[in-house]
Amino acid sequence: MATILLLYSSVYGQSRRICERIAARLGERGERATVAALTDPALDPSAFDAIVVGASIKHGKHHPTVLEYLRRHRAVLQSRPGALFSVNLVARKPAKNTPQTNPYLKALLAQSPWQPQLTGVFAGELDYARYGAVDKQLMRFVMWVNRGPIDPRTRVSFTNWDEVDRFAGQVAELVRGAPSVAAAGPAAAAAPAAVAADPRAPAPELAPAR
Ligand SMILES: Cc1cc2nc3c(=O)[nH]c(=O)nc-3n(C[C@H](O)[C@H](O)[C@H](O)COP(=O)(O)O)c2cc1C
């Protein structure tokens, strides 16, 4: 049984829910998954066999703590299997919902010292009732420009949970092929990343693409 740490950077809970779903699927496969906030100081990533980081987009950016974490824990992250995914509304567009086409994930990977073996992109949730007045108006405007829902009562999840489940399966495959680094120490570390960042990645879009 592998120990897998799923860290989320989440403002409104969708990235956390996605981590919890992945953890549930991993649990069904007999792995031991722990879900925690990326900012939780109590968790030592080196105590886990694999690490998954999921982060949402707000105003065109992942929270700065995400890149800080990837930089601070670079050595640990690079020494074992890992995955990184982004949650945003641009990803509800079929043309922007893969690691190769989503501008936010591409931008994060372009800046990250860690290039995980597995990357993912999931469409997030829109829930106007939970936003402050300014954010609500801004998001309604962005949705209006992009022909999305603008009714202030809208609460809609664009997350494709089948895709999340598939991603969980890929995490399980990744972990299965690797030695238990948490138990065996750094010498047993998995091979470094196979996915390279695209250095030509554009800056993040401030509004969902058409
Ligand atoms: C104030 C605000 C700004 C947002 N900005 C963007 C954005 O620039 N691009 C985007 O694709 N999604 C944007 N989103 C959508 C979020 O990424 C989406 O709601 C996601 O589900 C949030 O995940 P979380 O609940 O884990 O924070 C924004 C959402 C809010 C509330």
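Shape class for segment 4-51: oblate, because the ratio a/c of the largest to smallest gyration tensor axis (alpha-carbon atoms, square roots of eigenvalues) is 1.5 or more and b/c is at least a/b.
Extension gain, Arg147 to Gln170: 0.36 nm times the residue separation minus the Cα-Cα distance gives 4.9 nm. Label zone of Gln111 (point 7 Å out along Cα→Cβ, amide N under 16 Å): in segment 1-23 this covers 9-10. Once a ≥ b ≥ c are taken as the square roots of the eigenvalues of the Cα gyration tensor of segment 57-102, is the result rounded (a/c under 1.5), prolate (a/b larger than b/c) or oblate (a/b not larger than b/c)? Judged from the Cα gyration tensor, segment 57-102 comes out oblate (a/c at least 1.5, b/c at or above a/b).
Every number here is computed from the coordinates shown, using simple stated rules; none is lab data. Please read these numbers as outputs of a predicted model, since none were measured by experiment. Cβ atoms come from the backbone with ideal geometry, glycine included; neighbour counts cover every protein chain shown.
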